[in-house]
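Below is one structure; the comments refer to it alone.
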Amino acid sequence: MNKRRQTLLYVLSDFATAAFVWLLLNVLRYVEVAQYSGFESLASYLGSFQVVKGQLLIPVFWLTLYYFSGYYNIPFGKSRIRELFGTFAGVAVGVIFIFFAVILNDLPRSFTIYYRICFSYGAMQFLLTYAVRCSITLHVRRKMRRREWALNALVIGAGQQALLAKNDLAKLGYRITGFVRIDAATPPAVPEAELLGSVDDLPQLTAACPVDELVLAPDAIPDSEMIRILYSLYHYNLPIKIRVEKNNPLARGKVKTIHGIPFIEVTANNFSEAGKNIKHAMDKIVAVLVLTLLSPMYACIAFHVKRSSPGQVFFRQERIGYRGRPFTIYKFRTMYTDAGRHDPLLTERDDPRVTPFGRFLRKYRLDEFPQFWNVLKGDMSLVGPRPEQRYYIEQIVRRAPYYYLLHNVRPGITSWGMVKYGYADTVDKMIERLDYDIMYYENMSLSLDIMILAYTVRIVLTGKGV
């Protein structure tokens, strides 16, 4: 199954449906309004500049609306009930917007014509859109039910747990590509013919075999070893599942049970699909605005950083971000040059390595403003758990293995942990702050993000950043 091709099929069908419905509406608008406003024929009306422009822009508007609704995020496994209500809600919002932006400009003979045009448009848009979408979705379901299409799962593990995972996945309609051994010394419980290699062979296997998801199913191994393997899987940018029992310490996150089969959706989070798309768009918009409008402030801070002490203006450091990928974080330098270059020491209160001007920047969180560049690049978000160095992550996961959940979302410039707990200068404090970040992860929403941003603005304005 090709997710991009399936998504494109939904996009093209929605575009064609929106264009056809808008054409039908323009015929109705001609009959009800335009022929009484100077247009001598339907052809002259449909060929007018405003109508042609609308014929091109209105379908684009609908695709934009459907994108922000999150409809295209998951092309397979759609629920017909959710598709019905999701399509209805999207069409209702879109028709109301188009009515006030376009249709209201018409000048009909009677006010009741507005109702007739609006309800006709809504009915046609909903019925045709849902009919086409439903036909595509039913076609996919038939293909999967007949086993002509199936998601390909590569199982990481070759013991009894891997064998159980194979049976569970078969019930859910998956096709098992094969198994990968974690420990070469342990005899495999799966058929030898289905063994494809070891964990070290994953780069070649994922490139050569059709793999849609990775399933981690090891037998009894230390939590630290499981976390190490898990982080190595993020590199492949594929959905990851873990089959665990609810009393497993890795199951701090919500366990998604499908037909009684417990799986942790490692790469999933609780944000709605619409929320994800809106959050991503707002990140980019706000980052561009801040970098553009506050550029004089950036120049002023850079000048004072350079004048306050010798060294570079910006501090760069590797952090671990989304899906466990490393990236370079940017800050205005607040320490003297070479401070902490060799040892990954955390900054303490009244740290002598911090310059006087650096204390001012830290107090008002101004040192964090270069991270809007990280947001624009896609390394970070406005709101999300703060990214840490690998050195400290390795210490945290020994005591709190569920820390890996935070890598399912992009790290943020600000976070619930930062506004409620503040800076953490020891690993113990990092673990205490982790409870706030896990709470954010389990309750992610746009309203929570807005509340965290409001708290952050207050901290910046009142100088309570230290």
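Annotation: of all residues in segment 250-280 being at pLDDT below 75 and among the charged types (D, E, K, R), the one that is most open to solvent (accessible area, probe 1.4 Å) is Lys254.
What residue, among those in segment 190-204 that are over 24 Å from Tyr231 (Cα atoms) and assigned to a helix (DSSP H, G or I), is least open to solvent (accessible area, probe 1.4 Å)?
Residues of segment 190-204 over 24 Å from Tyr231 (Cα atoms): 190-194.
Narrowing the set further to residues that are assigned to a helix (DSSP H, G or I) leaves 192-194.
Values: Glu192: 126, Ala193: 97, Glu194: 57 Å².
Among them, the one singled out is Glu194.
When each of Tyr71, Tyr130 is tested for being part of a helix (DSSP H, G or I) and either in contact (Cβ under 8 Å) with a residue 12 or more places away in the chain or open to solvent by less than 50 Å² (accessible area, probe 1.4 Å) (or both), the lone residue that passes is Tyr130. On inspection, Tyr36 qualifies as exposed (fewer than 15 other Cβ atoms within 10 Å of the Cβ) and over 23 Å from Asn277 (Cα atoms). Apart from one condition, Ile329 fits all of (1) open to solvent by less than 70 Å² (accessible area, probe 1.4 Å); (2) over 22 Å from the mean Cα position of the chain (by Cα); (3) without any contact (Cβ under 8 Å) to a residue 60 or more places away in the chain; the exception is (2).
Return yes or no: is Leu361 under 26 Å from the mean Cα position of the chain (by Cα) and either within 20 Å of Gly275 (Cα to Cα) or assigned to a helix (DSSP H, G or I) (or both)? Considered against the rule, which asks whether it is under 26 Å from the mean Cα position of the chain (by Cα) and either within 20 Å of Gly275 (Cα to Cα) or assigned to a helix (DSSP H, G or I) (or both), Leu361 comes out as no. Which of the residues belonging to segment 374-407 are open to solvent by 10 Å² or more (accessible area, probe 1.4 Å) and not in a helix (DSSP H, G or I)? Result: Gly378, Asp379, Leu382, Arg386, Glu388, Gln389. Of all residues in segment 24-45, those that are over 21 Å from Phe119 (Cβ atoms) and without any contact (Cβ under 8 Å) to a residue 40 or more places away in the chain have Cβ atoms under 6 Å from Cβ atoms of residues that are in a helix (DSSP H, G or I) and not acidic (Asp, Glu), 6 or more apart or on another chain, in Phe39/Tyr45; Leu42/Tyr30; Tyr45/Tyr30; Tyr45/Ala34. Ala170 - would you say it is over 27 Å from the mean Cα position of the chain (by Cα) and either touching a residue at least 24 places away in the same chain (Cβ under 8 Å) or in a loop (DSSP other than H, G, I, E, B) (or both)? Here the answer is no, as Ala170 does not meet what is asked.
Counting just the residues of segment 134-188 that are among the basic types (Lys, Arg) and over 28 Å from Leu8 (Cα atoms), which one comes out most open to solvent (accessible area, probe 1.4 Å)? Out of the qualifying residues, it is Lys171.
For Arg4, the criteria (1) of a type outside the set (Ser, Thr, Tyr); (2) open to solvent by 60 Å² or more (accessible area, probe 1.4 Å); (3) under 23 Å from Ser120 (Cα atoms); (4) free of Cβ contacts under 8 Å to residues at least 24 places away in the same chain hold in every case but one, which is (3).
Taking Arg410, is it open to solvent by 60 Å² or more (accessible area, probe 1.4 Å), touching a strand residue (DSSP E or B) at 6+ places or on another chain (Cβ under 9 Å) and part of a loop (DSSP other than H, G, I, E, B)? Yes. Restricting attention to segment 448-466, which residues are under 18 Å from Pro385 (Cβ atoms) and at pLDDT 90 or above? Listed by number, the residues that qualify are Leu448, Asp449, Ile450, Met451, Ile452, Leu453, Tyr455, Thr456. With the structure loaded, tell me whether Arg116 is exposed (fewer than 13 other Cβ atoms within 10 Å of the Cβ), of a type in the set (D, E, K, R) and closer than 23 Å to Gly38 by Cβ or whether it fails that test. Against the criterion (exposed (fewer than 13 other Cβ atoms within 10 Å of the Cβ), of a type in the set (D, E, K, R) and closer than 23 Å to Gly38 by Cβ), Arg116 does not qualify.
Could you tell me which residue of segment 223-241 is most open to solvent (accessible area, probe 1.4 Å), considering only residues that are of a type in the set (A, V, I, L, M, F, W, C) and closer than 16 Å to Leu205 by Cβ? Here the residue is Leu238. Among the criteria (1) in contact with a helix residue (DSSP H, G or I) (Cβ under 7 Å, 6 or more places away or on another chain); (2) of a type in the set (Phe, Trp, Tyr); (3) open to solvent by 40 Å² or more (accessible area, probe 1.4 Å); (4) at pLDDT 90 or above, the one Tyr421 does not fulfil is (4).
Among the residues of segment 74-98, those identified as open to solvent by 20 Å² or more (accessible area, probe 1.4 Å), under 15 Å from Tyr10 (Cα atoms) and part of a helix (DSSP H, G or I) are Arg80, Leu84, Gly86.
If I go through segment 428-458 residue by residue, how many of them are surrounded by fewer than 19 Cβ atoms within 10 Å (Cβ to Cβ) and either part of a helix (DSSP H, G or I) or of a type in the set (Ser, Thr, Tyr) (or both)? Here the count works out to 19.
The values are calculated or read from the model by the stated rules, or taken from the named source; none is laboratory data. Quantities reported herein were computed from a predicted structural model and do not represent experimental measurements. Heads up, the Cβs are rebuilt from the backbone with ideal geometry, glycines too, and the neighbour counts pull from every protein chain shown. Areas reflect the complete protein model, heavy atoms only, side chains present, ligands, DNA and RNA absent. Shrake-Rupley method; radii C 1.70, N 1.55, O 1.52, S 1.80 Å.
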